[in-house]
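Trainee: First the structure, which I've put down as structure tokens, then a few questions once you've had a look.
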């Protein structure tokens, strides 16, 4: 995936230190129309490149290789990529590419995610998100923060997920939504310095994802 000249209008809500005083809540968002993309892959099964796209992705100078895929129903395809040495379910970072065959538009897919985030936020104040829109293409990005509190401090985690939604037509002519996602996790003692750096580093990942030329689905 190479960079292209797309620009998104950035409008961030600041993340404050009050995050760390909040009980962290567990949330796994497992499909395109849920909130996050960490698939707890069945790594021992053969990995199929259902979408026919490239088997590797480079994000922030890291090379991610196709590690897990699923085609759970006729309309949904999921592929997840890890760096060498990283593993499910306790990964450090992951790239996800989902394609859902649908006549729905980007706004409907994004609104579904935001409603779920808003519901979760009622009981889990750590939930924090920002929506960024490309005024030229109508694409949207959701940048969100979630987490969980485990039985031991070392197993606590904070997860940042950045999702880019694109309305596409597959090679076969099928219309759908392509969701490109990057998930970054920090555990235990890594959490506090990560949140401290995030205030300054937040736009970097969003800008890189916004400029990517997303793959063409070969279905």
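Rule-based calculations on the coordinates, nothing more; no lab input. The shown structure was predicted, so the numbers you read here are calculated from the model rather than taken from an experiment. So basically every Cβ, Gly included, is an ideal-geometry build from the backbone, and we count neighbours across all protein chains shown.
Trainee: Any idea what Rg and Dmax come out to for region 50-204 if you just take the C-alpha atoms, in Å?
Mentor: That works out to 16.4, 50 Å for Rg and Dmax.
Trainee: Would you work out if region 90-166 is rounded, prolate or oblate? Take a ≥ b ≥ c from the square roots of the eigenvalues of the alpha-carbon gyration tensor; rounded if a/c is under 1.5, else prolate when a/b is larger than b/c, oblate otherwise.
Mentor: Prolate.
Trainee: Extending each Cα 7 Å along its Cβ direction at residue 84 and residue 103, get the distance between those two points in nm, one decimal.
Mentor: It is 4.8 nm.
Trainee: Same structure again: Between residue 136 and residue 62, what is the spin-label point distance in nm, taking each point 7 Å from the Cα along the Cα→C-beta axis?
Mentor: 2.9 nm
Trainee: Please compute the Kirkwood hydrodynamic radius of region 113-205 from all pairs of different C-alpha atoms, in Å with one decimal.
Mentor: 15.0 Å
Trainee: So how do 94, 100 line up by other beta-carbon neighbours within 10 Å, fewest first?
Mentor: 100, 94
Trainee: What is the Cα convex hull volume of region 45-134 when expressed per residue in Å³?
Mentor: Normalising the Cα hull of region 45-134 by residue number yields 164 Å³.
Trainee: Something else about it: By counting other Cβ atoms within 10 Å of each Cβ, how are 62, 202 ranked from fewest to most?
Mentor: 62, 202
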